[in-house]
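Handing you this structure, nothing more for now.
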Amino acid sequence: MWQRPWFAYGAVFLGVCGHASSEFVAVLSGVSGPEVSVWRFLLGGSGLVLLALMTPTARNLLEPLRKHGLRLTILSFFGVSIAYLAFHWALDFASVIQVATVTTTIPIFVGLANLVINRVRITVAKWVTGVAAILGVALLVTDGALTDLAGGGAGSLPGVVLALLCAAMASTYAVSARPLIQEYGALRITAITMFIGAVGLWLIVGGVWGIWVNPLTLLDRSQKETWSLITIALWNTTLTQWLWIGGLAAVPDITRGSYLFFLKPVIAAALAIVILSQPMTSLQAAAIVVICGAVLIEALWSHITTSGDGATRKP
């Protein structure tokens with residue numbers, strides 16, 4: 001199934017939906033950013049390992065570790081431990097909308113990482129649609145209603161920087177892990193890196209913040225915290241990471257596939273309207289049109305150019 005482009009792009013889109021809701025679930029949990037990152041990946045990473053063990057083709061988790069142990073550990077540390085510590089810590093300083101929007105720069109970092117690591121050039125079409133999508137993101141961020149919601153001020157700057165760090169680390173991970181995923185499968189590599197990354201998060205947060213998360217105490221927390229942590233672990237991590245990473249590794253063009261991430265602030269804005277009862281302004285609507293239009297044009301670019309060439313060749 002992963003070899004079919006429509007399935008791979010669909011998986012990426014579902015992964016984007018999961019990413020777009022993770023900020024809301026994290027904030028609703030009421031747990032601090034560094035601590036919630038540990039809960040998320042200890043539980044979500046364990047869920048991925050169990051899912052892999054139940055899948056015959058992904059059951060052998062030791063084989064990739066024997067051959068690429070150091071490489072997988074480095075990928076896990078930077079692509080999971082550092083990236084998602086920065087992501088959840090950012091929510092302690094910046095708003096849901098700010099973090100969701102800043103991490104939308106992931107496709108830009110994917111294209112740059114692909115250029116540096118694989119020497120895959122960024123085409124003119126990708127530059128144009130990327131700039132258009134960023135313009136839509138800018139419209140969304142600078143909208144007056146969302147600025148009021150975000151709180152503005154210099155206090156959010158650390159959160160913005162942390163969100164950018166997350167985008168850079170997660171993008172480099174996606175590009176670097178692609179060859180291993182193509183060799184061993186998305187589920188195996190995702191399960192291994194997410195679990196190793198969870199151990200790294202547990203050690204970092206415990207050592208720096210003095211918060212040593214004990215998964216056995218999950219049910220001792222309030223009902224709201226418990227269900228939020230279960231949701232962010234199983235939906236926003238176990239399923240989302242598998243679909244996102246596996247989809248990006250399987251799509252014919254990883255940069256084009258990552259452009260679906262530009263839809264994240266649109267989904268986040270929709271959640272803000274529904275959950276926070278924020279009315280949609282004309283500027284928000286314009287941003288949604290620009291972002292969705294850029295993604296649609298990029299997705300259909302090859303068909304558009306092919307049709308255009310065919311039209312010019314007709315006698």
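Would you check if Leu243 is hydrophobic (A, V, I, L, M, F, W, C) and surrounded by fewer than 24 Cβ atoms within 10 Å (Cβ to Cβ)?
Numbers: hydrophobic (A, V, I, L, M, F, W, C): yes; surrounded by fewer than 24 Cβ atoms within 10 Å (Cβ to Cβ): yes.
The answer is yes for Leu243.
Next up: Can you tell me which residue among Ala174, Ala198 is small (Gly, Ala, Ser) and more than 14 Å from Ser37 (Cα to Cα)? If you could, list the steps in order and put the result at the bottom.
Values: Ala198 fails: more than 14 Å from Ser37 (Cα to Cα).
Ala174 is the lone residue from the list that is small (Gly, Ala, Ser) and more than 14 Å from Ser37 (Cα to Cα).
Looking at Ile74 and the list (1) within 28 Å of Ile211 (Cβ to Cβ); (2) buried (at least 19 other Cβ atoms within 10 Å of the Cβ); (3) of a type in the set (Val, Ile, Thr), which single condition is not satisfied?
Here Ile74 meets the rest and fails (2).
Another question about this same structure. Here is a check on your reading of the model: is Val124 at pLDDT below 75 and either at positive phi or surrounded by fewer than 18 Cβ atoms within 10 Å (Cβ to Cβ) (or both)? Quick ask: steps written out before the conclusion?
Values: at pLDDT below 75: yes; either at positive phi or surrounded by fewer than 18 Cβ atoms within 10 Å (Cβ to Cβ) (or both): yes.
It is true that Val124 is at pLDDT below 75 and either at positive phi or surrounded by fewer than 18 Cβ atoms within 10 Å (Cβ to Cβ) (or both).
Do we have Ala168 as under 15 Å from the mean Cα position of the chain (by Cα) and farther than 17 Å from Val36 by Cβ here?
Values: under 15 Å from the mean Cα position of the chain (by Cα): yes; farther than 17 Å from Val36 by Cβ: yes.
Against the criterion (under 15 Å from the mean Cα position of the chain (by Cα) and farther than 17 Å from Val36 by Cβ), Ala168 qualifies.
If only one of Arg66, Arg59, Arg40 is in contact with a His (Cβ under 9 Å, 6 or more places away or on another chain) and among the charged types (D, E, K, R), which one is it? Talk me through it step by step, then tell me what you get.
Working: Arg66 fails: in contact with a His (Cβ under 9 Å, 6 or more places away or on another chain); Arg59 fails: in contact with a His (Cβ under 9 Å, 6 or more places away or on another chain).
Step by step, each of Arg66, Arg59, Arg40 is checked, and only Arg40 is in contact with a His (Cβ under 9 Å, 6 or more places away or on another chain) and among the charged types (D, E, K, R).
Could you identify the single residue in Gly185, Gly210, Gly197 that is within 24 Å of Leu75 (Cα to Cα), modelled with pLDDT of 85 or more, surrounded by fewer than 22 Cβ atoms within 10 Å (Cβ to Cβ) and among the small types (Gly, Ala, Ser)? Give the steps one after another, and end with the answer.
On the way: Gly210 fails: within 24 Å of Leu75 (Cα to Cα); Gly197 fails: surrounded by fewer than 22 Cβ atoms within 10 Å (Cβ to Cβ).
Testing whether each residue is within 24 Å of Leu75 (Cα to Cα), modelled with pLDDT of 85 or more, surrounded by fewer than 22 Cβ atoms within 10 Å (Cβ to Cβ) and among the small types (Gly, Ala, Ser) leaves just Gly185.
Would you check if there is a residue in region 49-71 being polar (S, T, N, Q), surrounded by fewer than 24 Cβ atoms within 10 Å (Cβ to Cβ), part of a helix (DSSP H, G or I) and within 19 Å of the chain's Cα centre (by Cα)?
So the first thing to find is which residues in region 49-71 are polar (S, T, N, Q), and the list is 55, 57, 60.
Next, only the ones that are surrounded by fewer than 24 Cβ atoms within 10 Å (Cβ to Cβ) stay: 55, 57, 60.
Still in the running and part of a helix (DSSP H, G or I): 57.
Applying the additional criterion that residues be within 19 Å of the chain's Cα centre (by Cα) yields none.
No; the residues of region 49-71 include none that is polar (S, T, N, Q), surrounded by fewer than 24 Cβ atoms within 10 Å (Cβ to Cβ), part of a helix (DSSP H, G or I) and within 19 Å of the chain's Cα centre (by Cα).
Of the conditions (1) farther than 25 Å from Phe7 by Cα; (2) surrounded by fewer than 13 Cβ atoms within 10 Å (Cβ to Cβ); (3) at pLDDT below 70; (4) of a type in the set (A, V, I, L, M), Leu216 satisfies every one except a single condition; which number is it?
All conditions are met except number (3).
So Val205 ticks every box in (1) aliphatic (A, V, I, L, M); (2) in contact with a Pro (Cβ under 8 Å, 6 or more places away or on another chain); (3) at pLDDT below 90 but one. Which box is left unticked?
(3)
Output yes when any residue across region 104-120 is of a type in the set (Ser, Thr, Tyr), surrounded by 24 or more Cβ atoms within 10 Å (Cβ to Cβ) and either within 21 Å of Ala191 (Cα to Cα) or at pLDDT 70 or above (or both), and no when none is. First the steps, then the outcome.
First pass over region 104-120, keeping only residues of a type in the set (Ser, Thr, Tyr): 104-105.
Subsequent filtering for residues that are surrounded by 24 or more Cβ atoms within 10 Å (Cβ to Cβ) retains 104.
Going one step further and asking which of them are either within 21 Å of Ala191 (Cα to Cα) or at pLDDT 70 or above (or both), we end up with 104.
Within region 104-120, one or more residues are of a type in the set (Ser, Thr, Tyr), surrounded by 24 or more Cβ atoms within 10 Å (Cβ to Cβ) and either within 21 Å of Ala191 (Cα to Cα) or at pLDDT 70 or above (or both).
Please go through region 26-48 and give me each residue that is hydrophobic (A, V, I, L, M, F, W, C) and surrounded by fewer than 22 Cβ atoms within 10 Å (Cβ to Cβ), ordered by number.
Within region 26-48, the first condition is being hydrophobic (A, V, I, L, M, F, W, C), and the residues that meet it are 26-28, 31, 36, 38-39, 41-43, 48.
Within region 26-48, Val27, Leu28, Leu43 qualify.
The values are calculated or read from the model by the stated rules, or taken from the named source; none is laboratory data. The structure displayed is predicted, hence computed values, not measured ones. Using ideal geometry, Cβ is built from the backbone for each residue, glycine included, and neighbour counts are taken over all protein chains shown.
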